[in-house]
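Written out below as structure tokens is the structure these notes cover.
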Amino acid sequence: MAANYRWKSFDENEDRPEKPRRYGVTEMRGPRYSVLSQNVLQEIFESMGQFVDGLKFSGGSNSLIPKSFIKQAIEMAHEHNVYVSTGDWAEHTLRSGPSAFKEYVEECKQLGFDTIELNANSLEVPEETLLRYVRLIKNGGLRAKPMFAVKFNKSDIPGRNRAFGSYVVPEPRSSEFVEDIDLLIRKAERCLEAGADTIMIDADDVCKYADSLRADIIAKVVGRLGIEKTMFEASDAKLAEWFIKRYGPNVNLYVDHSQIMDLECLRGRYLVLITNGKLGFATASSIAEAPEASEMAEAPGVSPEEEEAEYNRMLGSVVAVPVFVPEFPVYVVYLGEKKQEDAKSVDKTHLEILKSVLGSQEAAKKSLVYSYHHGFSGFAAKLTPAQAEILRNHPQVVTFLENKKLTLQATRTWDYLSLFSTPTSSQGRILLDENVNNVSLLKKESKKDKKERKERKRAKKAEKALRKEAEKWQTQSLLNEANMGSGVILGVIDSGIWSELSAFDDNGYVAIPKKWKGECVSADQFSPADCNRKIIGAKYFVDGLNGDLEYSVNSTKEYLSPRDHNGHGTEVSSMAAGSVVSKVKLPDVAPGSTMRGGAPKAHIAMYKACWDINKGMCSVADVWKAFDEAIHDGVDVLSVSIGGAFDDVYLDADMAIPALHAVNSGITVVAPAGNYGSRSGTVVNVAPWILTVAATTLDRSLVTVLTHGNRTYLGESVYAGPEIDFTDIFYTKEEANFTNAKGKVVMFFEGNTDNGKSPEPKLVIEGGAVGLIYARRTPSDRREVPCPVNFPCVFLNFDDANELYTDMMYKSSSPPKIKISSYKTIVGETVVTRVPASSGRGPSSFSPAILKPDIAAPGMTLLTPRIPTDEDTREFEYSGTSVATPVIAGIVALLKTAHPTWSPAAIKSAIVTTAMKTDPYGGRIIADGGNNKLADAFDLGAGLVNMEKAKNPGLVYDMDMNDYINYLCSQSSYTDKKVSALAGNVNTKCPGSSVLDINLPSITIPNVKRNTIKVTRTVTNVGPVNSVYTPVLEAPHRFNVTVSPQNLVFNNATNKLAFTVSVSSGPYKTNTAFYFGSLTWTDGLHNVTIPVSLRTRFGDYFL
């Protein structure tokens, strides 16, 4: 019939996009459920091929069909631009052993399959194993499509008002299980992180029956995973119809071949409705109540007019904001190291590549968004998906990326960190004396032979040098030795800067460094006059984000200039390098206090790549351009408080590649671990060349006293208003009931509302309440419940809150009343340092052999300047790894001043190897989240930063491009061709060495097997020339670990030495959790410590 059939909407420009499509994908069911001969397939492809995106060999049918038929069918599909997927058969290959899966992937590739489907439910393997299978498929050059099933008993389905994911079944009626939808989605998200292309959702149990329809589950899946990344199995025509009505023509569906034409007509029909301006698509965040069961049931005798009215009625009840998909999305193309120094020549090369795809120079120029021509070679361009697919396969392209969206992730801080090593304190002198005595032990243990006499002589000389070094260390702090960072240029990629604040005053500043090539651009309410000797550069980049937005960022929503509209960029800039501000008036510090950044005399260069949309949004294209400009301009340090969400941990997805070029140019890149904790594997920015920062609290608590009867409870708040005298307390789980809270203090428990979320304080205030008590498991993080400064929001830990609740509800004879006092500040040893639940945790699922995070720094409730607003011009508190990042960036700036020749890896090593596992008072650091525990290396990396010791680490673990290339080859499947392009040298190849031998200041082995594993590290002496170091090993529990050699002797002729660590599993015989230890090299004064993290993985022991 319609080899040339082509449906159209009323608007000729609203046709469905050409294949390959990223959305609105139709995958057709192949053999198993129905018999499709080659003739039938040929007829389908010829008549309806333009509507078919994919063909799936359902189940294990491909294992039963002759290979010759499979190859012919696949070739036929490819002729019609139809991809071909396996069914969920991979799990059966595992019965033949782990190696069988690799063979299966290779066989699929040889047959011509494009996609391999993995049934996550049938596989029944640990989550990490599932992720490894996804990576194996990707490494084999195929697309990965994990499938997840949502199952529960029809009779056990809770009512429509039940909270998402809360399927607690008191009396199961069969062997079917109830799936935790949040857990399912998190597993799917991790698969996307590992590189999966699409998530198939088998929602048969959710949607099979009209009376069991659970639109809330589908909405949650779409809301979390995204409509482009999700495909639903529509087992019948009615279900496909419901999906199109609910989510519009862009939803991806897997259907029977008999449904193809009807489905396409449905897609066209609803695109017509939308282009007429009548309707929009519903998004997960705004979907209304699910339609009643009767709305899905067939109604006999319904006329077409009545059916059309019913369509419009149903759609009208669920429609909200359209799902916007740009006609020409922005893509980022990476070509490796630039081959010409002249930027114009590099730009010309980029246009030639675009011209080869688009056909003309004019089209290439129109498509180009950015040319990256300073620090590396690449470009961002607007392309159709079909054009993007052609460009992806261009021989010069190293990496091809979607323009993903990234997100933005103090006074007491520096006093707190300085407590570790106050140079003139008696504690410091005692520590020194003990260390010198340790050096003297070398003489007591010496023998009389000639060799040992030389060692004693060398030790005596070393002791003298150590005393001299110690005297210098006692009299000079890092801040003073580095002259407060004078002359260093600290670049910040963020949301802009508010230059008029006193934190950016340039009094007493030296001239701008001669090497500086940057500028302050003139734009919306910002001019070069807003810069000074403090802020020496300011640029902005928005074209990449605007290219993918339905409504562009404009001057009515934001400042189209480097000026900060969000406040985040101003905050991190002041924390890293804010000038000294005296007589600060803040609500929780003593009058007359001084506020400063980490490197108060460093220069600041702002690169605005994040915009005040959805609380801070940045695009990959804009962030890459910011890196490119920063490399060109001559910054020394880059503070980048940006991180991707879930799938952004995949190496090429965010900023790892431009960060590599920055590091190779001598720029230390500091970035956050992310705010997606407290589960393991939530850390972002995992590349080994990035210095990744976790957050901790300070030794400061803002205590508010709650009084009930004659008992008091200590909560936290920043409420500084008048005391709230004994007032009725009101407890509820329903947000609607806040209207009954007038004149009362509202109390609720974390996660105990009907929707599982914390009510916004504004709802409580609008209800007339005079206060709020919020009981939560992790009191160290108040970011999630923003509260006005003039309203008492008191955060109370769960134990105290339960005690208070019990006392009020069951022990009190009169109506419960509570008194709220204004807060008091407690500073010092009595306040426990914690890693907040929000801080991203290791290990990285992408590269578990690379310890992340690297280091921890204060990042909770830090006080920094706030941009002026009509409502409030006070200073303000900020929290998260975003704030911890500039703390480390400021310390890096000081170290760069003190040691200008050190590489970024050497600076990172100095910070990591001198970190402390305790707080400054010697107390153990606690990790919040779920069950509170002592923090380990996956919570805070090497530990809490010790800035004074970092200036004089003794030894450093240095790295160069060879280490980073090793990582790219081993973890990211970079080929020799890609590596040569990245390095700009045709002779550069993958080294073939183990990822375990990357010269990191840590040792992490995620797969210790029965045989001994040996890893090598090399250390460089940056302390006294003549030094002898011996190892102190704290082996992870029950693992066999040895170090060789037993001492490292440095002198004038030798300043670099290698050592080997041998590891075996000891008594462990199967998979374990990670166990933690450390290795310290000490000469008596310097303790150079690296974390050691080990886990056994050898399930083949039982095969």
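The values are calculated or read from the model by the stated rules, or taken from the named source; none is laboratory data. All values reported here derive from a predicted model rather than from experimental measurement. We place every Cβ from the backbone using ideal geometry, glycine too, and count neighbours over all the protein chains shown.
Give the number of residues within the range 994-1012 that are assigned to a loop (DSSP other than H, G, I, E, B) and under 28 Å from the mean Cα position of the chain (by Cα).
6
Name the one entry in Pro291, Pro395, Pro300 that is modelled with pLDDT under 95 and under 30 Å from Val222 (Cα atoms).
Selected residue: Pro291, the only one of Pro291, Pro395, Pro300 that is modelled with pLDDT under 95 and under 30 Å from Val222 (Cα atoms).
Just give me the residues in the range 112-138 being at pLDDT 85 or above and of a type in the set (S, T, N, Q), in sequence order.
Thr115, Asn119
Run down Ile818, Ile867 and say which single residue is modelled with pLDDT under 90, part of a loop (DSSP other than H, G, I, E, B) and not hydroxyl-bearing (Ser, Thr, Tyr).
Answer to the check: Ile867.
Which one is surrounded by the fewest Cβ atoms within 10 Å (Cβ to Cβ), of the residues in the range 791-807 that are among the hydrophobic types (A, V, I, L, M, F, W, C) and in a strand (DSSP E or B)?
Phe795
Name the residue, out of Ile74, Ile70, that is crowded, with 16+ Cβ neighbours inside 10 Å, over 35 Å from the mean Cα position of the chain (by Cα) and at pLDDT below 90.
The match here is Ile70.
Count, please, the residues in the range 566-578 that happen to be under 16 Å from Asp622 (Cβ atoms), at pLDDT below 90 and buried (at least 24 other Cβ atoms within 10 Å of the Cβ).
So the answer is 1.
I'd like to know if the range 606-624 contains one or more residues that are modelled with pLDDT of 90 or more, part of a loop (DSSP other than H, G, I, E, B), in contact with a strand residue (DSSP E or B) (Cβ under 6 Å, 6 or more places away or on another chain) and not hydroxyl-bearing (Ser, Thr, Tyr).
Yes, some residue in the range 606-624 is modelled with pLDDT of 90 or more, part of a loop (DSSP other than H, G, I, E, B), in contact with a strand residue (DSSP E or B) (Cβ under 6 Å, 6 or more places away or on another chain) and not hydroxyl-bearing (Ser, Thr, Tyr).
Would it be correct to say that Val1008 is under 19 Å from Trp689 (Cα atoms), assigned by TED's automatic domain parsing to the domain that holds Ser1093 and touching a Leu at 6+ places or on another chain (Cβ under 7 Å)?
So Val1008 does not fit the description; no.
Name the pairs: first residue in the range 329-346 and at positive phi, second residue part of a loop (DSSP other than H, G, I, E, B), Cβ to Cβ under 8 Å, at least 6 apart or on different chains?
Listed by first residue and then by second, the contacts come to Gly336/Phe376; Gly336/Val398; Gly336/Gly984.
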